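Report on the structure given below.
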Amino acid sequence: EQEVQERLSMAGIEVLEARIGYLAYAQEIANAMLKRQQATAIVAARHKIVEGAVSMVEMALEELSKKDLVALDDERKSAMVSNLMVVLCSDKDVAPIVNT
């Protein structure tokens, strides 16, 4: 605003307010900014997914313990937590595996 005022004051024009109406970036800059914005959004979404998954795993362990359905030792709890976290946080569909 100050720079515009200095240039126009010679003509007797007083600048009260100056705003940018349109701003264009070079294609390379615009692409880099978009990628950064998308990366930030992906990280935030992943953070929410992990928060939800941890909450669901905690709830599952509490319910199993409360209802005394299954007695899980630390190794089995660890395996269950690991498997649930992979399934809940993955962006791929789950394929069932049958142990024989």
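Per residue, the accessible area of the chain comes to 92 Å² when a 1.4 Å probe rolls over the protein heavy atoms.
Straight-line reach from Lys77: taking Cα to Cα under 16 Å and skipping same-chain neighbours fewer than 8 places apart, the lysines in range are Lys66, Lys67. To the nearest ten degrees, helix 74-89 and the longest principal axis of the Cα atoms of the chain are 40 degrees apart.
Find, among the trypsin sites (Lys or Arg not before Pro) in segment 1-98, those assigned to loop by DSSP (not H, G, I, E, B) with at most 13 other beta-carbon atoms within 10 angstrom. Let's see the in-between values first.
Numbers: sites: Arg7, Arg19, Lys35, Arg36, Arg46, Lys48, Lys66, Lys67, Arg76, Lys77, Lys92; in loops: Arg19, Lys92.
Sparse-neighbourhood loop trypsin sites (Lys or Arg not before Pro): Arg19, Lys92.
Within the chain, the longest run free of exposed loop sites, counting GluC sites (Glu not before Pro) that sit outside DSSP helix and strand states (H, G, I, E, B) and have at most 12 other Cβ atoms within 10 Å, spans 18-100. Taking the protein heavy atoms of the chain in the context of the full set of protein chains, the accessible area attributed to carbon and sulfur is 57 percent at 1.4 Å.
When N is the residue count of segment 40-100, what does its C-alpha Rg come to as a fraction of 2.2 N^0.38 Å? All intermediate terms of the calculation are to be shown ahead of the outcome.
Details: Rg = 13.7 Å, N = 61, 2.2 N^0.38 = 10.5 Å.
The value comes to 1.31.
The values are calculated or read from the model by the stated rules, or taken from the named source; none is laboratory data. Here the structure is a predicted model, which means the values were calculated and not measured. As a convention, Cβ positions derive from the backbone with ideal geometry for all residues, glycine included, and neighbour counts pool all protein chains shown. For the accessible areas, the whole protein counts, side chains as well, though only heavy atoms, and no ligand, DNA or RNA atoms are used. Shrake-Rupley method; radii C 1.70, N 1.55, O 1.52, S 1.80 Å.
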